[in-house]
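Student: The structure's right below; bear with me while I get my questions together.
The values are calculated or read from the model by the stated rules, or taken from the named source; none is laboratory data. It should be emphasised that the depicted structure is a prediction, and the values quoted were computed from it without experimental measurement. Reconstructed Cβ throughout: ideal geometry from the backbone, glycine too, with neighbour counts over all protein chains shown. Protein only, heavy atoms only, side chains kept; ligands, DNA and RNA dropped before computing areas. Shrake-Rupley method; radii C 1.70, N 1.55, O 1.52, S 1.80 Å.
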Amino acid sequence: MSDPVHLKTSPHLRGAHSVDKIMRHVVYALMPICLFSIVQFGLSALVLILTCTAVCVGTEHFACRLNGRPTTVGDWSAAITGVLLGLILPPSFPLWMAAVASVVSIGIGKLFFGGLGFNVFNPALVGRAFAQAAFTVPITTWTPAMAHARFKEFIPSTFTFPFAAPPDLRPWMERLQIDGFTGATPLALMKFDYVDTESAKLFVGTVAGSAGETSSMLILLCGLYLAYRKMLNWKIVASVLASAAVFSWIFWVKDPSVYPTPLFTLTSGGLMIGAVFMATDMVSSPVTPLGVVIYGSIIGVVTVMIRLFGGLNEGVMYAILLANAATPLINNLTQPRIYGAVRRKKEVKA
Amino acid sequence: MSAPEKMNLQTFTQGLWKENPVFVMMLGLCPVLAVTNTAMNALAMGLATTFVLICSGFLVSLLRKVIPKQVRIASYIIIIATFVTMADYLIQAISLEVYQALGAFIQLIVVNCIILGRAEAYASKNGPLKAVVNATGMGLGFTFALLCLGVVREVLGGGTLFGMQVMPDRFQPWSIFVLPPGGFFVLAFWLMLFAAFEERKQKKGVTA
Amino acid sequence: MSDIAQDAMELPPQPSPFRLVGTLGGIAVLSGLLVVMTYQWTKPAIERNQREALERAVFSVLPGAVRSEPVEMTGQTVFAGFDEADRRIGFALESEARGYQDLVRILYGFDPDRQKIIGMTVLQSTETPGLGDKIIRDPAFHANFEALDVSREVEVVKSGAKTEAWQIDGISGATVSSQAVGQAIRRGAELRERVLAFYRGDQTNRTDQTNLTERGGQP
């Protein structure tokens, strides 16, 4: 720094937003969703989100220290990964498994690739994908929303002893006398039993599901705030939602008795939180204008395909991971033409 | 390696550690990832490969002066394929369960590059006894590597070892470890461990 | 590598084509001999293993069976199982359906008298360990197949919701795999019809025979 001459490479024009400022605002935008999640699922959701955040930040800090580098937790990105991971896990998820998923998120999902800016995949989704493959039963165990006593006691599986299997939740649900809850999310009900859920309920979010994915309305509002602050690429969100809606509309028109309405597709499951907070991850999404649309459409179409024809009832996670993997390719194929340059073929013709 | 050297302990231990086919040479990774979901499968696969390695090494070494250079690869492949077919029948005769668990990977021993590599690089240049000793070392090294993966994957993925319960009843199995991605994770973990170990040894060698 | 480079430079005298073909031929003959010897030697053991595996499967789906016998149906072989008194208990039928990851192949015991399924075993599946693979061993799930009514369409219901004899209690968390087993059984309806027709024909033939012997006539 004592050198008086500063030599810098481009870019010389910088936006007003620094990395940590954007990240901080994303955290602000996630706060209402966390709050709603806690209101809906109670104490268990609170400790789940806190655990994920703490372990993610801790892993990042520890790994940086281990490599003898200055810690990078100050850029808030580990905190975002942690909060997001907490929001996309089921509220009853045992904390020790959430901690494992967090370590995988930051360790394998981000640091192995070289840290923020080098990760190919969205770290939170890497953690969730690992948990999905490792703990198949706990990650598909759902608890009802708005259960009474949710502020007085934890869901019994929350404090499962590390490395032990979570207890059966049925006695707990019976004790709480939760009637009519079958342990299925609206998506599972639709897929396996063709039972529709009220759109209003889905929109507001008083349904079973991952801790923070249920309220489409709230997620959309938070997304709008970020888009307004120009901290989120609204084109990605729009193309994900539009392609999912159009694609599911085609099937719905064909056979409304089996296939869900486009509105159901948009408001159910994790599509909204995936589109707004995961697909828009700046590191793992394309940068070209056309590429953004292609990327979003891949996510929308693949999600609907997995939901309608795959073995799983939810496919947002795999759709986004797949599109993440395709991002470098999309970027390469959609490089805009340099102003004034002519295509090679035309050149030959001329 | 082509220089005729005297047979010593190195001939045998080479494959076990210093030139371990999986951890050092990274050969034959396809079965390493595919059939190590249980320790039993890993052991069966390792032994089948060892059998093929030893027998083909012996025969190639016996015929090394007869086989003209131009057709050597073709000859080696026929010899290897012969022993693989024999291994295939033998495993079926011993246990159909193991045979079904290993699936196509027994037949695929034919294209396992460790075996052709050994035939080409060692057996075709050394006497039968040396070839057999070396092949045994390599085979055991391969089996050892497979077992390293198989044991970790079975214990973590199912809480069992060779089909016997080793973890407490309440243990939550991490099913990812018996699924294909688990193979990659565990292999990476072992490679990391090996690399760290080697690095440490080298550092010590420098300071000493 | 260096060897190849050297060869290219020095160009040693080419051996005659006859020698090349001869060596390969010789090795091929040797290889053939070895393979045939092993084949002959292991054949009895392999056949015994296969028979045992099949019998184990057939006996497990036909409780009480001690002997089985293949019966050719059009397009498919089924196995009739007999108990100690050599009475026919039922038939073991194979079927398959798409599961969560791949085809689920099952073998089930069919009692044509009562039109019931009396046992089921999974022959082949690659369902998710810890979840879908419960269809292989879960005792509660297998209890469904001790007396499953197949005189009408079989239905897979949610875990614990079984009320009728033709319903299968699914495994919670493994809906797709449970459905696959149900689907496989539904798909077997046509084969069961054929088995039933064969069984009835067999029954009448047998009555005819007994009638003949009772009358003292020779068939």
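Student: Of all residues in the stretch C:86-120, which are open to solvent by less than 20 Å² (accessible area, probe 1.4 Å) and polar (S, T, N, Q)?
Tutor: C:95, the sole residue that qualifies.
Student: Any residue in the stretch B:43-67 that is under 25 Å from residue B:29 (Cα atoms) sitting within a Cβ distance under 9 Å of a residue that is charged (D, E, K, R)? List the pairs, counting only those 6 or more apart or interchain.
Tutor: These pairs meet every condition: B:48/B:88; B:53/B:118; B:56/B:118; B:57/B:118; B:60/B:72; B:60/B:118; B:60/B:120.
Student: With respect to residue B:45, determine if the residue is more than 14 Å from every other protein chain (Cβ to nearest Cβ), modelled with pLDDT of 90 or more and surrounded by 19 or more Cβ atoms within 10 Å (Cβ to Cβ).
Tutor: Yes; evaluated as a whole, the condition is true for this residue.
Every residue, every condition in (1) more than 14 Å from chain B (Cβ to nearest Cβ); (2) open to solvent by 40 Å² or more (accessible area, probe 1.4 Å); (3) in contact with a Cys (Cβ under 8 Å, 6 or more places away or on another chain); (4) among the acidic types (Asp, Glu), yes or no:
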residue: C:122; (1), (2), (3), (4): no, no, no, no
residue: C:126; (1), (2), (3), (4): no, yes, no, no
residue: C:163; (1), (2), (3), (4): yes, yes, no, no
residue: C:174; (1), (2), (3), (4): no, no, no, no
residue: C:190; (1), (2), (3), (4): yes, yes, no, yes
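Student: A follow-up question, please. Please return the ranges of helices (runs of 4 or more DSSP H) entirely within the stretch B:83-167 where 1 or more residues are within 30 Å of residue A:134 (Cβ to Cβ).
Tutor: B:96-102, B:128-158
Student: If I ask for residues that are touching a helix residue (DSSP H, G or I) at 6+ places or on another chain (Cβ under 6 Å), within 14 Å of chain B (Cβ to nearest Cβ) and either open to solvent by 50 Å² or more (accessible area, probe 1.4 Å) or at pLDDT below 75 (or both), which ones from the stretch A:161-200 would you list?
Tutor: Passing the criteria: only A:162.
Student: Residues of the stretch A:136-159 being free of Cβ contacts under 8 Å to residues at least 40 places away in the same chain and crowded, with 20+ Cβ neighbours inside 10 Å, which ones?
Tutor: The answer is A:136, and nothing else.
Student: While we're looking at this one, here's another question. Is there a residue being within 23 Å of the chain's Cα centre (by Cα), open to solvent by less than 50 Å² (accessible area, probe 1.4 Å) and within 14 Å of chain A (Cβ to nearest Cβ) anywhere in the stretch C:143-152?
Tutor: No.
Student: Within the stretch B:25-33, can one find any residue that is more than 14 Å from every other protein chain (Cβ to nearest Cβ), among the hydrophobic types (A, V, I, L, M, F, W, C) and crowded, with 24+ Cβ neighbours inside 10 Å?
Tutor: Among the residues of the stretch B:25-33, at least one is more than 14 Å from every other protein chain (Cβ to nearest Cβ), among the hydrophobic types (A, V, I, L, M, F, W, C) and crowded, with 24+ Cβ neighbours inside 10 Å, which makes the answer yes.
Student: Could you please let me know if residue C:215 is farther than 16 Å from residue C:93 by Cβ, loosely packed, with under 12 Cβ neighbours inside 10 Å and modelled with pLDDT of 75 or more?
Tutor: no
Student: Can you find even one residue in the stretch C:179-187 that is in a loop (DSSP other than H, G, I, E, B), of a type in the set (S, T, N, Q) and more than 24 Å from residue C:73 (Cβ to Cβ)?
Tutor: The answer is no; no qualifying residue exists.
Student: Hey, another quick one. From the residues in the stretch B:76-92 that are within 7 Å of chain C (Cβ to nearest Cβ) and closer than 13 Å to residue B:63 by Cβ, which one is most open to solvent (accessible area, probe 1.4 Å)?
Tutor: B:78
Residues are listed down the side, and each one gets a yes or a no for (1) among the hydroxyl-bearing types (Ser, Thr, Tyr); (2) open to solvent by less than 50 Å² (accessible area, probe 1.4 Å); (3) modelled with pLDDT under 90:
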| residue | (1), (2), (3) |
| --- | --- |
| C:27 | no, yes, no |
| C:34 | no, yes, no |
| C:45 | no, yes, no |
| C:53 | no, yes, yes |
| C:56 | no, no, yes |
| C:62 | no, yes, yes |
| C:69 | no, no, yes |
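Student: Also, I was wondering about something else. Spot the failing condition for residue B:62; the list is (1) more than 14 Å from every other protein chain (Cβ to nearest Cβ); (2) open to solvent by 50 Å² or more (accessible area, probe 1.4 Å), and only one is missed.
Tutor: Just one mismatch for residue B:62, condition (1).
Student: Then there is this: Every residue in the stretch A:101-127 that is open to solvent by less than 30 Å² (accessible area, probe 1.4 Å) and part of a helix (DSSP H, G or I), please.
Tutor: The answer is A:101, A:102, A:104, A:105, A:106, A:107, A:123, A:124, A:125, A:126, A:127.
Student: If you don't mind, another one. Just the residues that are under 16 Å from residue B:107 (Cβ atoms) and among the aliphatic types (A, V, I, L, M), please, taken from the stretch B:68-92.
Tutor: B:77, B:78, B:79, B:80, B:81, B:84, B:86, B:87, B:90, B:91
Student: Looking at the stretch C:6-23, which of the residues that are modelled with pLDDT of 65 or more and part of a helix (DSSP H, G or I) is nearest to residue B:70 (Cα to Cα)?
Tutor: Applying the filter and picking the extreme gives C:20.
To keep it simple, each residue is scored yes or no on (1) within 12 Å of chain A (Cβ to nearest Cβ); (2) crowded, with 16+ Cβ neighbours inside 10 Å; (3) without any contact (Cβ under 8 Å) to a residue 12 or more places away in the chain.
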| position | (1), (2), (3) |
| --- | --- |
| B:137 | no, yes, no |
| B:144 | no, yes, no |
| B:152 | no, yes, no |
| B:156 | yes, yes, no |
| B:166 | no, no, yes |
| B:171 | yes, yes, no |
| B:180 | yes, no, no |
| B:185 | yes, yes, yes |
| B:194 | no, yes, no |
